[in-house]
Structure formats: structure tokens, C-alpha cells
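**Q** I am attaching a structure below and will ask some questions about it afterwards.
The values are calculated or read from the model by the stated rules, or taken from the named source; none is laboratory data. Everything numeric in this text was worked out from a predicted model, so none of it was measured. Glycine also receives a Cβ, built like all others from the backbone with ideal geometry; neighbour counts cover every protein chain displayed.
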There are 2 protein chains.
Amino acid sequence: MKKLVNDPNQVVEEMLDGMVAAHGTKLKRLQNTSVLVRADAPVQGKVALVSGGGSGHEPSHAGYVGQGMLDGAVAGEVFTSPTPDQVFEAIKAVDGGQGVLLIIKNYTGDVLNFEMAAEMAEAEGIKVAQVIVNDDVAVEDSLYTTGRRGIAGTVLVHKIAGAMAESGATLEEVVAVANKVIQNVKSMGMALSACTIPAAGKPGFELGEKEMEIGMGIHGEPGIKKSDIQSADTIAEILLTKVLDELQISPTDKVAVMVNGLGSTPLMELYIINKRVAELLREKQIQVHDTFVGEYMTALEMAGCSVSILHLDEHLTELLDARADTIAFKKW
Amino acid sequence: MKKLVNDPNQVVEEMLDGMVAAHGTKLKRLQNTSVLVRADAPVQGKVALVSGGGSGHEPSHAGYVGQGMLDGAVAGEVFTSPTPDQVFEAIKAVDGGQGVLLIIKNYTGDVLNFEMAAEMAEAEGIKVAQVIVNDDVAVEDSLYTTGRRGIAGTVLVHKIAGAMAESGATLEEVVAVANKVIQNVKSMGMALSACTIPAAGKPGFELGEKEMEIGMGIHGEPGIKKSDIQSADTIAEILLTKVLDELQISPTDKVAVMVNGLGSTPLMELYIINKRVAELLREKQIQVHDTFVGEYMTALEMAGCSVSILHLDEHLTELLDARADTIAFKKW
């Protein structure tokens, strides 16, 4: 295992300290927890947003804590759901009196633990709602998941629900817009290589020298099929076709595109994928309102990418364009 | 070779198209060139900044084209200097009547070709100045370089010189501040793994299973020494100590820190490095004004990192904090 670590069992702890050391004006860590919240939390009079999950997907989710997106992010151990008490601490710390929305990626452990935390918070009189992101169209049911998994599309849920909350909307209104994004964002990924959980010390799965896997999950869960490596154009077509099949997009409709790197794929290659994605959308006369290319939801040092499409309407467009000031996502 | 590419000889071409497809409101490509410029270029009445070099270091340099940083970026083939005629096209396209500053990383080919382009532009009556960035303290002279190499610190030269140009300064003033940054920014890197130029199809060098190299360049040029992999803390100490040795920083002085990933190192590991960097600076009572953690100057999918320190004064601080609106670097 070739990694820049000290004790493999302390990577999350040390990462969180390194984040606060870098971004202390934006983020603070709740003592004795793995929770990072906005430096100005709780923001009074605003619905608060909390997300989180296993670590190893950075910049998800702490990279999206800040004005216009999340109020708090809970970090589990690598590829492991955070415990309910940690999520509960996050909820208490960010609640500004208007309620808290939990944005949960659809993994069985995350759903259970966030829901348990919601119950704990409600027992203390905090209003909590939750939405479950299941944008990955690759497979129904999988290792760790009943139903479809939540992957990079989650970042667009953070962005748009965060903008809605920042605008002064009620918890019910923020939930409604978050669910609208969830219904309209679909993603699919593929991998060229595995990744290694530091505490495990060896890759979680194997891909042959010339092999790729389509539909692989962000923890290395099985996808749709393994095959010989295809060209970037073919890969872009496979991913985009399956994603578009799940959305009802008419010519002249607007979309946002996210080409997300899983960890070790150079930006150069992500842009090569985007070239073909953009061409295919143009052929279908679908209007691209905005494109995000980079590492938004990673899987440690896995090589590969995912493509997400968000079908926009006027309201979603306005919220996507609204100001956001976080470490990993800025808009103005 | 496991890469998301089509024709390995067309990667730069396709990447540039993919960038413009993604960021067409910010960037435009000069026809039949490998030059990307601000969508609103030339900006009349402002000193223009051009940088560039071999491709494979993305987001350098096109990611820094935009308000408050570069006006144009010239992309050579992977790890290959752009030709003089390409640089000349960039100069002509961005000149807004106040002259053009070329920011050159110190590699022999880059220096020669940018200087030749400067002569071509001057022959056409365009005022051109140049600065050469040599922030890498690892080695004197190297493969491709006489003197010290230019690496991630170059991004801070873009930022600060760009802010100076945006403020309405003259070419001479922008040159002066760029040189001040160059004198005050030092960097050093290390690698855990090699990278593969697409057209070559195999790694440019080898590192053993448990081996790392300190001081390695961003094209895989030899560094100071190979050794067994050390802990993240030890690596942070080695890099930072050598960098600080080259700067005259007194307690209470302010610095900016950049912990840069070379391509496949997870953000988690970069933050673990930053944790130790921040601790060491705190022990020395050096004030960290701002910290940048992420991929700013990569080497395709090399694993490893570099640490840069910029010694700030009031003027540099103000320029570092000024607004910038580029794809890969935003400030407001």
C-alpha cells in the first residue's frame, strides 16, 4: 500500500484536523466528534442541511460545507457509515430554529443511522426531515444497498437544496426542492482500477490489466459488467445513454452535466470524456446550462469516472446558479 | 496503460475541446491552435498574462485563465514545450495595448520557445516581458532544466501577478510583483508512483513497491533520493524543512501554504500532510494567512504531493486575497 498516511487507523481523525487547519475561517470541528460545521453555525432563522457518510469520497461531504450548501458534514470511518450519535451531534450544532434536513446517500447503513439520529433529535424537539439520494442508475440493489445507490448527483442536491435554504425557505419547501433534484438527477460510473482502504492495506477487488467495469459503485461494489477497456468516446456513450434513458428530456430542455473523477483519473481524461458527452447532447439538441468537470465524489484513488445529468427547469436553474462559498464548490 | 482516451496522439486536442465545451462562457480556443484565452480577450487597457507549458499538469494552466489571473494558456503536447508560434498566437490574441507578461516555468525548452515567441511579438510592436519561475528547491539542474525547476508555486505567481494586472498596473509593475512572488515562493515535491504519457503507453520510470522519491519533478525527473516510504508526518517535515531553509521567515511573519496533489493522491492524504505542515508552522510561530489543498499542478496520474510556501508581505497578501474567477481557482 503506497499512501501518505501515519497510522492507517487514524486517517479520518487526521484528515479532519488537516481540513480545519486549512480552512479554519470556513469550518469548525465539533469537539470529540467527526463532525465539521460552518464556522458561523448555527445560522439562526435558516433551515440547516446535514450530509455525510463514510470517508474516502472527499471532497464529499465536508468540502461542501459553507454558505449556500451544507451546514454540517459527518465523516464515518473510510467507506463506513457514521454512527447515529455523530449525526445527532451535527443536527444539534447546526439547528437554527427552522429545522434540519438530512441528505442521505442510499446505503443501508447510512439510511439506518441517519434515521436513528433524526429520531434522537426529534425527541429533543428539533424538527428534522430527510431525503435519500439514489441517482446511480447502474444497478438495483447491491452490496450495502437496497434500491439504487447515491453517488455524485448528491453534490447537486447539496447545491440546490442549500440555495433554497439560504433563500429563507421553510423546511417543507427545502425538502420539496431536494426531492425534485433527486427525481431529476441520474448518474452512472465506471472504474479502471480498484482502491485500497488504508486500514485494510490491500485493494478491495481486482480488475485485470486490460479490464474495466461499468456501473461500479464508489466503494468498489459490483456494477453491470466487466469488459475490455473501451475508448473514452465509447465509455462516454455507454454512461450517458443509460443515464438519459432514465430521464424524460426533450430537445431544447436544459441540463447540468457533471463529469466526476473517482480519484486518480487525470483531469485531462475527464475533459476528453466531457468532449463526447457534450457532442452527444448537442446531437440530441439538449441545452447544457452548466458543466462541472473534476473530483466531486471520489473513491479514494480509484481510476474511473461517473457522468451525471440533472434535468433543469427555471427554478432549479436559478438555485443552481445561486451563490455558494464552500471549499470545493464556489459560485457567484 | 489504463486510461480514458481515444487516440493517444490526440489527447491534448480532445482535452482542449472538452474544456471549451465545459467552460464556453469563460474560455475560447483560438482556431487551429492549442491556445485557450479568456472569452472576453483581449481586455483593453489591461496588462495581459500568458502562461503554458507541456500538457499533463492540469488544471495548469488553462484552469487559471479568467478574471484576476491569466489571459491565455498555451498547451504543448504532454510533457513537451509548446512551440514558439503557438505562444505567439496567444500573445497576439490577449494583448490589450498595455503589454503582455509571459510566466514561464523554468524548463529549458519552455524558456527557449517562450523567448522566441516574445521576439516574434516584439517585432510586431507588442510589448512583452517575461518572468521565469524556479520554485522547486529540490535540485539544481535536472533533466530538461538548467537551474531550478518551476512547479506548483507558479500558480501563486499567476494569482498575484494576475491581481496586479487587474488593478490597472503597468507591465513594469506587474513584472516587479511577479518577481517578488518568485523570490518568495519555494516548493518541493515527492512521488510514490510514476505516470504514463498516453502516447508512450508505459511509465516513464519505476519506483519499487515500498519506495518513494523525494524531490522528484513533475515529469518524473530525478529528485534528491529514493528511500523506503516514510510516514506522512515525516514526509511533511522533510519537504517543509527544505522549503523553509530557502526563505527568510521570522516568527509572526505571514505565509500562504499550498499542499498540491500530483494526480492520484486522495484529498484525504493531502489533508493529512497539511495537518503536520500546519503544526510545524505553528511551532515556529509562523502565521498561516491562507492554505490551498488540492490538485493545482499535477503530473498526470502520479501519486505524491508537493508543499509550497509563499512568504507574504502586506501587498502580496492583498493581491492574493483579491477576486479571481477561473475554473480552478476562485476567490472573492
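**Q** Which residue, of A:Ser264, A:Ser250, A:Ser231, is closer than 26 Å to A:Thr145 by Cα and either modelled with pLDDT of 95 or more or of a type in the set (Lys, Arg) (or both)?
**A** The conditions single out A:Ser264.
**Q** Let me ask another. I'm told B:Met258 meets every condition in (1) more than 20 Å from the chain's Cα centre (by Cα); (2) within 21 Å of B:Gly215 (Cβ to Cβ) except one. Can you identify the failing condition by its number?
**A** The failed condition is (1).
**Q** Now for a separate question. Could you please let me know if A:Lys92 is out of contact with any Gly (no Cβ under 7 Å at 6 or more places or on another chain), at pLDDT below 95 and among the charged types (D, E, K, R)?
**A** no
**Q** Follow-up. From the list B:Ser60, B:Ser81, B:Ser51, which residue is more than 9 Å from every other protein chain (Cβ to nearest Cβ), among the polar types (S, T, N, Q), under 23 Å from B:Trp332 (Cα atoms) and assigned to a loop (DSSP other than H, G, I, E, B)?
**A** Going through B:Ser60, B:Ser81, B:Ser51 in turn, just one is more than 9 Å from every other protein chain (Cβ to nearest Cβ), among the polar types (S, T, N, Q), under 23 Å from B:Trp332 (Cα atoms) and assigned to a loop (DSSP other than H, G, I, E, B): B:Ser60.
**Q** Please list, ordered by residue number, the helices (runs of 4 or more DSSP H) wholly in region B:87-188 having 2 or more residues that are closer than 30 Å to B:Asp245 by Cα and without any contact (Cβ under 8 Å) to a residue 40 or more places away in the chain.
**A** Output list reads B:108-123, B:171-184.
**Q** In contact with a strand residue (DSSP E or B) (Cβ under 9 Å, 6 or more places away or on another chain), assigned to a loop (DSSP other than H, G, I, E, B) and more than 9 Å from every other protein chain (Cβ to nearest Cβ), is that true of B:Met258?
**A** no
**Q** Filter region A:143-162 down to the residues that are farther than 30 Å from A:Glu209 by Cα and crowded, with 24+ Cβ neighbours inside 10 Å and list them by number.
**A** Correct list: A:Thr154, A:Val155, A:Leu156, A:Val157, A:His158, A:Lys159, A:Ile160, A:Ala161, A:Gly162.
**Q** If you go through region A:317-332 one residue at a time, how many are at pLDDT below 95 and assigned to a strand (DSSP E or B)?
**A** 1
**Q** Kindly evaluate B:Lys127 against the criterion of being within 18 Å of the chain's Cα centre (by Cα) and at pLDDT 95 or above.
**A** Numbers: within 18 Å of the chain's Cα centre (by Cα): no; at pLDDT 95 or above: yes.
No; evaluated as a whole, the condition is false for this residue.
**Q** Here's something else I'd like to know. Just one of B:Gly223, B:Gly204, B:Gly208 is within 12 Å of another protein chain (Cβ to nearest Cβ) and surrounded by fewer than 24 Cβ atoms within 10 Å (Cβ to Cβ); which is it?
**A** Of B:Gly223, B:Gly204, B:Gly208, the one residue that is within 12 Å of another protein chain (Cβ to nearest Cβ) and surrounded by fewer than 24 Cβ atoms within 10 Å (Cβ to Cβ) is B:Gly208.
**Q** Of B:Ala75, B:Ala48, B:Ala39, which residue is over 19 Å from B:Tyr107 (Cα atoms) and in contact with a Ser or Thr (Cβ under 9 Å, 6 or more places away or on another chain)?
**A** B:Ala39
**Q** Looking at (1) touching a Lys or Arg at 6+ places or on another chain (Cβ under 9 Å); (2) surrounded by fewer than 24 Cβ atoms within 10 Å (Cβ to Cβ); (3) facing another protein chain (nearest Cβ under 7 Å), which is the only condition A:Thr265 fails?
**A** (2)
**Q** While we're here: Filter region A:268-285 for residues that are touching a residue at least 40 places away in the same chain (Cβ under 8 Å) and more than 10 Å from chain B (Cβ to nearest Cβ); which is farthest from the chain's Cα centre (by Cα)?
**A** A:Lys284
**Q** So, one more: Looking at A:Ile309, A:Ile327, A:Ile272, A:Ile286 in this structure, which one is more than 28 Å from A:Asp141 (Cα to Cα) and crowded, with 24+ Cβ neighbours inside 10 Å?
**A** After ruling out the rest, the residue left standing is A:Ile272.
**Q** Checking A:Ala232 against (1) buried (at least 20 other Cβ atoms within 10 Å of the Cβ); (2) in contact with a strand residue (DSSP E or B) (Cβ under 7 Å, 6 or more places away or on another chain): exactly one of these is not met. Which one?
**A** (2)
**Q** Also: Looking only at region B:293-316, which residues are away from chain A (no Cβ under 14 Å), in a strand (DSSP E or B) and either more than 14 Å from the chain's Cα centre (by Cα) or among the aromatic types (Phe, Trp, Tyr) (or both)?
**A** Those that are away from chain A (no Cβ under 14 Å), in a strand (DSSP E or B) and either more than 14 Å from the chain's Cα centre (by Cα) or among the aromatic types (Phe, Trp, Tyr) (or both): B:His311, B:Leu312.
**Q** Here is a further query. Keeping to region A:62-76, report how many residues are in contact with a Lys or Arg (Cβ under 9 Å, 6 or more places away or on another chain) and within 12 Å of A:Val155 (Cβ to Cβ).
**A** 3
**Q** May I ask you to verify whether B:Val5 is in contact (Cβ under 8 Å) with a residue 60 or more places away in the chain, at the interface with chain A (Cβ under 9 Å from one of its Cβ atoms) and under 20 Å from the mean Cα position of the chain (by Cα)?
**A** When the stated conditions are applied, B:Val5 does not pass them.
**Q** Would you call B:Val243 closer than 24 Å to B:Ile327 by Cβ and crowded, with 19+ Cβ neighbours inside 10 Å? Write out each step before concluding.
**A** Details: closer than 24 Å to B:Ile327 by Cβ: no; crowded, with 19+ Cβ neighbours inside 10 Å: yes.
No.
**Q** Being within 11 Å of another protein chain (Cβ to nearest Cβ) and part of a strand (DSSP E or B) is the filter here, so list the residues in region A:63-78 that pass it.
**A** So the first thing to find is which residues in region A:63-78 are within 11 Å of another protein chain (Cβ to nearest Cβ), and the list is A:63, A:75, A:78.
Selection gives A:Ala75, A:Val78.
**Q** Now a separate question. Is it the case that B:Leu244 is in contact with a helix residue (DSSP H, G or I) (Cβ under 6 Å, 6 or more places away or on another chain), in a helix (DSSP H, G or I) and away from chain A (no Cβ under 12 Å)?
**A** no
**Q** Quick check on region B:219-241. Is at least one of its residues in a loop (DSSP other than H, G, I, E, B) and touching a helix residue (DSSP H, G or I) at 6+ places or on another chain (Cβ under 6 Å)?
**A** No: region B:219-241 contains no residue that is in a loop (DSSP other than H, G, I, E, B) and touching a helix residue (DSSP H, G or I) at 6+ places or on another chain (Cβ under 6 Å).
**Q** Quick check on A:Leu16: is it over 28 Å from A:Ala194 (Cβ atoms) and either surrounded by 22 or more Cβ atoms within 10 Å (Cβ to Cβ) or more than 9 Å from chain B (Cβ to nearest Cβ) (or both)?
**A** Answer is no for this residue.
**Q** Among what's in region A:31-45 and is crowded, with 19+ Cβ neighbours inside 10 Å and under 22 Å from the mean Cα position of the chain (by Cα), pick the residue that is nearest to the other protein chains (Cβ to nearest Cβ).
**A** For region A:31-45, the residue satisfying everything is A:Leu36.
**Q** Read through the list (1) of a type in the set (Val, Ile, Thr); (2) in contact with a His (Cβ under 7 Å, 6 or more places away or on another chain); (3) within 17 Å of B:Leu192 (Cα to Cα), then give the number of the only condition that B:Ile238 fails.
**A** Failed condition: (2).
**Q** Follow-up. Does region A:96-110 hold any residues that are crowded, with 18+ Cβ neighbours inside 10 Å and touching a strand residue (DSSP E or B) at 6+ places or on another chain (Cβ under 6 Å), and which are they?
**A** A:Val100, A:Leu101, A:Leu102, A:Ile103, A:Ile104, A:Lys105, A:Asn106, A:Tyr107, A:Asp110
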